[in-house]
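Engineer: Let me begin by handing over the structure; questions about it come next.
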Amino acid sequence: MENNSALDLVSLANELEAFIQVCVPDSTTVNKYGGTLFTMKPDEKEGQFCGVFIYSAHVQLSFSHGPQLVDERNMLCGTGKYRRHINFKRVDDIDYPYIEGLICQASAF
């Protein structure tokens, strides 16, 4: 079993957050629910399109409107009505071009 240090997970979360800002430069961050939410409309809940959350063994990239996203590789997990997520344990696990597509789709809602 792989053991991630808290520092590794923080670095991973920072990497994902920086990548989201590059993909959607007009987005705004909001610290909420123990993580960082990305939104196109900071004053409206409906503007949130994704978030980054640190857990004890992974970092989660969560997508609003997850069920509506085109996910040809079936990377999105979850069964909620509105959200889907991908868990990452290492920076090497991030498929940047594919994740960029999901981020861009989510930000368009």
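The values are calculated or read from the model by the stated rules, or taken from the named source; none is laboratory data. Note that this is a predicted model, so its numbers are computed, not measured. Note that each Cβ is placed from the backbone with ideal geometry, even for glycine, and that neighbours are counted across all protein chains shown.
Engineer: Determine, yes or no, whether Phe53 is of a type in the set (Phe, Trp, Tyr), without any contact (Cβ under 8 Å) to a residue 60 or more places away in the chain and in a strand (DSSP E or B).
Structural biologist: In short, yes.
Engineer: Further, regarding this structure: Being at pLDDT 95 or above and not acidic (Asp, Glu): is that true of Gln21 here?
Structural biologist: yes
Engineer: Going residue by residue through the stretch 66-84, is there one that turns out to be out of contact with any strand residue (DSSP E or B) (no Cβ under 6 Å at 6 or more places or on another chain), closer than 27 Å to Ser5 by Cβ, in a loop (DSSP other than H, G, I, E, B) and at pLDDT below 95?
Structural biologist: no
Engineer: Residue check, Ser27 against (1) touching a helix residue (DSSP H, G or I) at 6+ places or on another chain (Cβ under 8 Å); (2) without any contact (Cβ under 8 Å) to a residue 24 or more places away in the chain; (3) surrounded by 18 or more Cβ atoms within 10 Å (Cβ to Cβ); (4) of a type outside the set (A, V, I, L, M), all met but one. Which one?
Structural biologist: (2)
Engineer: Okay, next question. Got a sec? Which of Arg90, Arg73, Arg84 is within 12 Å of the chain's Cα centre (by Cα) and of a type in the set (Lys, Arg)?
Structural biologist: Arg84
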